[in-house]
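The values are calculated or read from the model by the stated rules, or taken from the named source; none is laboratory data. Bear in mind that the values here come from a model prediction, so they are computed numbers and not experimental data. All Cβ positions, glycine included, derive from the backbone under ideal geometry; neighbour counts span all protein chains shown.
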Amino acid sequence: MAVREKFEQELAQLNGKIVELANLASESISRSFTALENQDLDLALEIIEDDTKADMLEEEINEYAILLIAKQQPVAIDLRRIIAAIKIASDIERMADFGVNIAKSAIRIGQQPFIESLAHLRQMKDITLEMIHLSILAFEKDDVVMARNIAEMDDEVDRLYGESIKSLLRLSNENLQQVTQLSFIARYLERTADHATNVAESIYYLVRGRHFDLNE
Amino acid sequence: MTATIVKPEVNKKDSSQVNEINTFDKELVYETKDLNLWYGDNHALKNINLDITENEVAAIIGPSGCGKSTYIKTLNRMIELVPGVKTSGEIKYRGRNILDKSYKVEELRTHVGMVFQKPNPFPKSIYENVAYGPKIHGIKNKKILDEIVEKSLRGAAIWDEVKDRLNQNAYGLSGGQQQRLCIARCLAIEPDVILMDEPTSALDPISTLKVEELVQELKKEFSIIIVTHNMQQAARISDKTAFFLNGEVIEYKDTNTIFSNPADKRTEDYITGRFG
């Protein structure tokens with residue numbers, strides 16, 4: 001019999017909950033962008049309502065992690081895994097919140113015609129979703145190399161963010177309200193990518209036992 | 001293998017090093033160099049290299065039969081009581097090799113006290129238990145003995161519990177009190193080093209915590225080497241931790257590093273409970 005089999009199972013359960021939360025966040029971002037593009041206000045409202053699922057799951061992860069610490073007295077990599085789970089859950093929950101923020105902006109823009117193409121934002125969204133996906137893969141596999149790649153993808157999101165803002169500001173005389181909302185969305189996506197980078201940092205800490213600032 | 005403490009490199013990116021305690025300005029109490037020990041044909045300690053720093057608590061952990069108790073018993077040469085023991089290498093205590101035949105074991109034991117797994121008070125009064133050592137060393141003056149007894153019992157955090165019944169038999173004390181009495185008996189000879197071989201394994205949780213608190217106090221004046229099966233105890237009370245396995249020192253580092261980010265997979269597997 002493997003020593004600490006039950007604890008191994010509990011850690012696997014904790015990982016499972018993180019993956020579930022990441023899927024919720026990913027859906028939140030992806031669906032909110034669809035709501036924006038299709039100007040689908042019902043979908044936007046649905047996303048806002050659904051956010052409680054992510055909030056509750058984050059709480060559940062925290063409570064589960066606290067119980068594991070109290071009952072199993074983990075050290076070294078086991079302790080780092082649980083601490084990383086708490087931090088990662090908090091980052092992912094924020095990502096889900098940004099999905100909600102994008103949905104709210106979509107509602108504020110409403111049915112007005114877009115003043116410019118959403119190409120930059122779409123690109124940002126695609127990279128950010130890929131970052132979330134990779135960060136969870138890296139988490140499941142304890143893969144530091146993949147974690148570092150995520151940081152590189154964040155640089156591209158930052159670059160696109162800069163371009164989006166520049167291009168939107170040029171249009172501020174046309175429709176300030178929409179420019180503001182689209183700038184917010186760009187900002188939400190850029191922040192989501194930052195949180196994915198934070199997840200990558202937590203993975204680095206989990207595997208190597210050292211902090212590393214990938215956001216630099 | 002060599003297990004002396006390596007000075008940590010300063011690296012801003014590397015926060016695990018930040019918590020390492022810098023003890024390089026402190027003196028070494030014990031220096032163990034290439035120590036090997038055999039029980040007959042059984043090679044029980046293999047090339048042990050390990051330094052013990054003064055005013056620190058060094059914990060020795062490892063699974064049963066790994067050599068940790070054997071090692072601690074070489075430090076006061078109690079190991080010589082086992083028939084058929086052979087050693088090679090050296091253990092310097094304050095610069096002198098104690099394995100050298102010219103080093104008198106009686107002299108060594110005046111510097112090095114020991115506390116065992118099970119409390120082992122003498123079948124005498126509480127007072128006599130503590131006064132025994134100083135009396136053997138020729139102190140006869142009642143007033144001086146009284147002072148030593150009080151100071152030692154205070155030092156072992158048991159004075160308040162026994163001051164009104166010093167003449168009662170030590171066997172009437174609880175297990176935890178008996179163990180602290182044994183620590184007081186050890187302090188009475190004013191040692192330099194205290195060796196503790198699983199000192200709390202026979203105690204209840206509260207008595208265990210009292211002894212742990214006491215160890216933290218005692219390290220201000222003494223150097224302490226503690227063998228423990230309780231890894232959380234090693235994590236709580238020691239400054240450095242040595243992990244022994246099959247007679248070898250696998251890793252010897254600051255306790256913070258051992259319990260947060262050990263370098264060797266075997267150390268990690270042991271402290272996280274994957275084997276042992």
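Which of (1) surrounded by 20 or more Cβ atoms within 10 Å (Cβ to Cβ); (2) in contact with a helix residue (DSSP H, G or I) (Cβ under 7 Å, 6 or more places away or on another chain) is the odd one out, the single condition A:Glu201 does not satisfy? Going through the list (1) surrounded by 20 or more Cβ atoms within 10 Å (Cβ to Cβ); (2) in contact with a helix residue (DSSP H, G or I) (Cβ under 7 Å, 6 or more places away or on another chain), A:Glu201 breaks only (2).
Output yes when any residue across region A:9-27 is of a type in the set (Lys, Arg) and more than 14 Å from every other protein chain (Cβ to nearest Cβ), and no when none is.
Narrowing region A:9-27 to residues of a type in the set (Lys, Arg): A:17.
With more than 14 Å from every other protein chain (Cβ to nearest Cβ) added as a condition, the list becomes A:17.
Yes.
There is at least one residue in region A:144-162 that is more than 27 Å from A:Leu24 (Cβ to Cβ), in a helix (DSSP H, G or I), more than 14 Å from chain B (Cβ to nearest Cβ) and at pLDDT 95 or above.
Counting only helices (runs of 4 or more DSSP H) wholly contained in region B:106-218, the ones carrying 2 or more residues that are modelled with pLDDT of 95 or more and surrounded by 19 or more Cβ atoms within 10 Å (Cβ to Cβ) occupy B:126-136, B:142-155, B:175-187. Please determine whether any residue of region A:131-143 is assigned to a helix (DSSP H, G or I), surrounded by fewer than 14 Cβ atoms within 10 Å (Cβ to Cβ) and among the basic types (Lys, Arg). The answer is yes; a qualifying residue exists.
This table checks each residue for (1) touching a His at 6+ places or on another chain (Cβ under 9 Å); (2) part of a helix (DSSP H, G or I); (3) free of Cβ contacts under 8 Å to residues at least 40 places away in the same chain.
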residue: A:Ile69; (1), (2), (3): no, yes, yes
residue: A:Ile77; (1), (2), (3): no, yes, no
residue: A:Ile82; (1), (2), (3): no, yes, no
residue: A:Lys87; (1), (2), (3): no, yes, no
residue: A:Met95; (1), (2), (3): yes, yes, no
residue: A:Gly99; (1), (2), (3): no, yes, no
residue: A:Lys104; (1), (2), (3): no, yes, no
residue: A:Ile107; (1), (2), (3): no, yes, no
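For A:Val3, the conditions (1) in a helix (DSSP H, G or I); (2) within 14 Å of chain B (Cβ to nearest Cβ) all hold with the exception of (1).
Scanning for something at positive phi and in contact with a Leu (Cβ under 8 Å, 6 or more places away or on another chain), does region A:103-113 turn up at least one residue? Checked against the condition, which is being at positive phi and in contact with a Leu (Cβ under 8 Å, 6 or more places away or on another chain), region A:103-113 yields at least one hit. Restricting attention to region A:72-99, the residues being crowded, with 21+ Cβ neighbours inside 10 Å and more than 14 Å from chain B (Cβ to nearest Cβ) number 10. Taking the options B:Phe244, B:Phe259, B:Phe222, B:Phe275, name whichever one is within 14 Å of another protein chain (Cβ to nearest Cβ), under 21 Å from B:Thr200 (Cα atoms) and of a type outside the set (Ser, Thr, Tyr). Step by step, each of B:Phe244, B:Phe259, B:Phe222, B:Phe275 is checked, and only B:Phe259 is within 14 Å of another protein chain (Cβ to nearest Cβ), under 21 Å from B:Thr200 (Cα atoms) and of a type outside the set (Ser, Thr, Tyr).
Of all residues in region A:177-216, which are polar (S, T, N, Q), in contact (Cβ under 8 Å) with a residue 60 or more places away in the chain and under 22 Å from A:Pro113 (Cβ atoms)? A:Gln177, A:Gln178, A:Gln181 - these are the residues of region A:177-216 that are polar (S, T, N, Q), in contact (Cβ under 8 Å) with a residue 60 or more places away in the chain and under 22 Å from A:Pro113 (Cβ atoms).
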